[in-house]
Each structure stands twice: as C-alpha cells, then as structure tokens.
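*Asks:* Once you've had a glance at the structure underneath, I'll fire off some questions.
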Amino acid sequence: MCTGIKVTATNGDIFWGRTMDLNIPMFGTPAGLPAALDDVVVISTVPAGIDMPSPLTAWKSKYATMGVGIKGTNILLDGINEKGLAGDTQVLMECTRGAAGDIAARNQTGVLGEEFVSFVLSQYATVAEVREAYSTFALLDEPYKVFGQNISMPLHYCFVDTTGDGIVLEPVEDGAFKLYDYAGAYTNSPEYDWHLVNVRNYIGLTNIDPAKPTKLPTGFELEPIEGGTGFGMFGLPGDYTAPSRMVRALNLSAYLKPFDRDNGIAQLYAAFRTVIIPPGLEHKGDVSSWSDYSRYWAGYDLTEQTLYVQSGEGLAITAKKLDTSVTETTYDEIDLSNNVHLVN
C-alpha cells in the first residue's frame, strides 16, 4: 500500500511525494531476518557519468540522481535527478513480466522492475522524453538478486517533472507498459484507469460548508450539525484501501488553499496526513501479525531538487539537496528519532 501526491505552488513550482507502505521491515532488522537487511534504506546520491552495475545489464548514468534507495544496489524506491524529473515505484498486483524471447520479438528491451526508477531518472530529463521512450521497454520475468535473495515485486511507476507533467506506467501487458496521464495522485490496485472511473463516484465532494438549512420537498428541514462546520469533503471515504486513499489524495490535494513556494513542503505533507498509515491498523490476523503501515514519507521540491524524508519510526525529518558535484555514489542515513525541539 502506497500513495503518491503532487501539489503546485502559486508560482508554478511542483512538490511531489509518496508514502512507502509495506509489511516488510525497512529500518533495523527484526529477529529472524538476515542481518544484511539492517540499515540499508538510505538516501542515495549517484553522480552523472558513472557505470551503473546491474544484475541484468550495466548502463552509464547520464544525469545525477538522488532518492530513497537500497544501500549497495541500483534500487531507488523514489528519487529525483538534476533536471527535476522525479519518480517512484509502488505495488500493483496486476503487474506482469515477460519472457526475454517474447520481449525481444516485440523489439523491446527487457528491464528489471526493481531498478526501473533508477534507470529512468539517470537517463531522461523530462516526462516528455519518457513518453517517447516507454514503449521500447518491458519488465523482464527475472528476479533482482540482492543480499543473497531473489526479489520480484509487482510494481507500477509514476514520473513527474518541473512543468507539472506526469505519467503513470503500468506493466500489465506481458511486461509491456500502459501509459496514463497522471491526475495528481495515485495508489495501488486496481489499475489506474479503474481509479479514474471510481473517483467520479465522488463528484459531489466540495470544500464548502452549508450556509443554511436544507428543506426537503416534504417540508422537513435539515439543520446542519454544529452550525455547518466540518462539512468540507463530507462523504470522503476514511479507510486505508487503495480506492479510498486515491479519492482522499486526489481531492484533498486539489482543494488545498493556494500557497507560496516557501510553504510547498508543508502543504504537501498536509495533503498526506490522512493517508499516512499508523502501525497496527492492518495485518493478516492469525496468519501474520506484521503490520502494513507507512514505513516512510518522502517529499520532493522539484525546483530545488531537495528531498525530505520522515520515517515511520519517529517524527524527525531528514532533508538533502541533490549534490551534482559528487564523483562517486554516497549514502546518508535517515534520522529515525523523534528529534523534537523542546522549549523550556
């Protein structure tokens, strides 16, 4: 379970982010899991012009990139490059992967889904460029081998740039992608076109409180509760399923009060508050007690190429601006503490 949201400041600057919601530990190693998984989710910065080793086929980075990644790998869960193109990967159960021979027969290049965000951000400058190239790629039915394990996650992707243009790519046709224009939010299954139909069920949502009672045709009068306060977004679904989170994310971000760019990250975070999932609210009962919750939130200032990360372990926010002067890959730990400023 994950949610992505884009908001726009009054000057046109774009702020975009995501929650990473999984029942897989990301910070620290619980008992019974390999120690290699400990402290591997970090802020990765990768320079331009270096060879990117891959379990499949290595490539050379064209642009410097930065994002939340897996230390010691090419995997970026989300990130941004020096041109302001940002992207992420989220779970989509309808994801498909194709056999190498079938992909080659379609004159496409097979890619590993786990490193697709890293590949795109290191190779392309704009969403327009990705639109032109996406159909030449398809997800290959090979696992990503890392830390002695084979990883194969069902995934889809979102990319946004500084113009506000955005796309969602879903590999649902034997590994080949369907492309959708990004509506400003996206979540998980079903496929994106289903969500774009479902949000029409909430066409009556408004941010306006009722100013006066409503009289029914029978003459019965309905008085607003508490003078009509709190009725903005009345009827908004409140659960954590992907369809409900999509409706909340799309509408809450759309109805934000206009804001200056200096308040961009704060307003982006405000839009995310109702989709950040606390631990313990969702798990498989007797099958597993592991909770599917927001392991971290990441917000990006696309103009300033700056990342803000808050883990699900504490209140602290770690911020980093993309450094294009680095000559080798660097890793920065994410602050997991509460790190609250106390006033005497």
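Please treat every number below as a calculation from the coordinates, not as lab data. Here the structure is a predicted model, which means the values were calculated and not measured. Please note: Cβ atoms are built from the backbone with ideal geometry, for glycine as well, and neighbour counts cover all protein chains shown.
*Asks:* Using the reciprocal of the averaged 1/r over all distinct C-alpha pairs, how large is the Kirkwood radius of segment 52-120 in Å?
*Replies:* 13.3 Å
*Asks:* Any idea how far the Cα center of segment 200-243 sits from the one of segment 66-87, in Å?
*Replies:* 41 Å
*Asks:* If you don't mind, another one. Can you pull the three principal axis extents for the Cα set of segment 177-221, in Å, largest first?
*Replies:* 55, 20, 15
*Asks:* Once the convex hull of the C-alpha atoms of segment 82-213 is built, how many Å³ does it hold per residue, rounded to a whole number?
*Replies:* Cα-based convex hull of segment 82-213, divided per residue, equals 144 Å³.
*Asks:* Show me 1-8, 257-264 ranked by packing, highest mean number of other Cβ atoms within 10 Å first.
*Replies:* Per-residue mean Cβ counts within 10 Å order the peptides as 1-8, 257-264.
*Asks:* Fewest Cβ neighbours within 10 Å first, please rank Ser253, Ser337 accordingly.
*Replies:* If I rank by nearby Cβ atoms, fewest first, I get Ser337, Ser253.
*Asks:* Rank-order 308-318, 221-231, 195-205 by packing density, defined as the average count of other C-beta atoms within 10 Å over each peptide's residues, highest first.
*Replies:* 308-318, 195-205, 221-231
*Asks:* Which ordering of Asp141, Asp193 is given by a fewest-first count of other beta-carbon atoms within 10 Å?
*Replies:* Result, fewest neighbours first: Asp193, Asp141.
*Asks:* Residue separation times 0.36 nm, minus the C-alpha to C-alpha distance between Glu129 and Met93: what's the value?
*Replies:* That works out to 10.3 nm of additional length.
*Asks:* Take segment 23-145, compute every pairwise Cα distance, and split them into 5 Å bins from 0; I just need the percent in each bin.
*Replies:* Per 5 Å bin, starting at 0, the Cα pair percentages come out as 2, 10, 18, 22, 21, 15, 8, 3, 1, 0.
*Asks:* Each label point is 7 Å from the Cα along the Cα-to-Cβ direction; what then is the distance between the points at Ile50 and Glu221, in nm?
*Replies:* That separation, rounded to one decimal, is 7.1 nm.
*Asks:* Rounded to the nearest angstrom and ordered from largest down, what semi-axes does the equivalent ellipsoid of segment 162-298 get from its C-alpha gyration tensor (root of 5λ)?
*Replies:* Semi-axes, largest first: 31, 21, 19 Å.
*Asks:* Among Ala176, Ala211, Ala271, determine the one that fluctuates most according to a GNM of the chain built with springs between C-alpha atoms less than 10 Å apart.
*Replies:* Maximum among the listed residues: Ala211.
*Asks:* What is the extension gain from Asp174 to Val343, computed as 0.36 nm multiplied by their sequence separation minus the C-alpha to C-alpha distance, in nm to one decimal?
*Replies:* Once the chain is fully extended between Asp174 and Val343, it gains 55.1 nm.
*Asks:* Next question, about the same structure. Would you calculate the convex hull of the Cα atoms in segment 298-344 and tell me its volume per residue in Å³?
*Replies:* In segment 298-344, the Cα convex hull volume per residue is 108 Å³.
*Asks:* Now for a separate question. With a Förster radius of 45 Å, plug the Cβ-Cβ distance of Lys62 and Ala211 into 1/(1 + (r/R0)^6) and report the FRET value to the nearest 0.05.
*Replies:* Working from the Cβ atoms, E equals 0.20.
*Asks:* Still on this structure: If each DSSP helix of 4+ residues adds -39,500 (n - 2.57) and the sum is divided by the residues in the chain, what number results at 222 nm, nearest 500 deg cm²/dmol?
*Replies:* Taken over the chain, the calculation gives -4000 deg cm²/dmol.
*Asks:* What pairs from Lys6/Lys60; Lys71/Lys320; Lys6/Lys212 go past 23 Å between their alpha carbons?
*Replies:* Over 23 Å Cα-Cα: Lys6/Lys60; Lys6/Lys212.
*Asks:* Additional query: Take the Cα atoms of segment 230-344, find their three principal axes, and give me the spread along each one in whole Å, biggest first.
*Replies:* 48, 42, 40
*Asks:* So between Leu281 and Phe147, what do we pick up on full extension, going 0.36 nm a residue minus the alpha carbon distance?
*Replies:* Contour length minus the Cα-Cα distance gives 45.2 nm.
*Asks:* Per residue, how big is the convex hull of the chain when only Cα atoms are used? Give it in Å³.
*Replies:* For the chain, the hull spanned by Cα atoms encloses 188 Å³ per residue.
*Asks:* For segment 143-231, what percent of Cα pairs sit more than 18 Å apart?
*Replies:* Summing the P(r) tail past 18 Å for segment 143-231 gives 67 percent.
*Asks:* Can I ask one more? In a GNM of the chain with a 10 Å cut-off on Cα contacts, which of Ala138, Ala249, Ala266 has the highest mean-square fluctuation?
*Replies:* Ala266
*Asks:* Quick check on the exposure proxy: order Arg97, Arg131 from fewest to most C-beta atoms within 10 angstrom.
*Replies:* Ranking Arg97, Arg131 by Cβ neighbours within 10 Å, fewest first, gives Arg131, Arg97.
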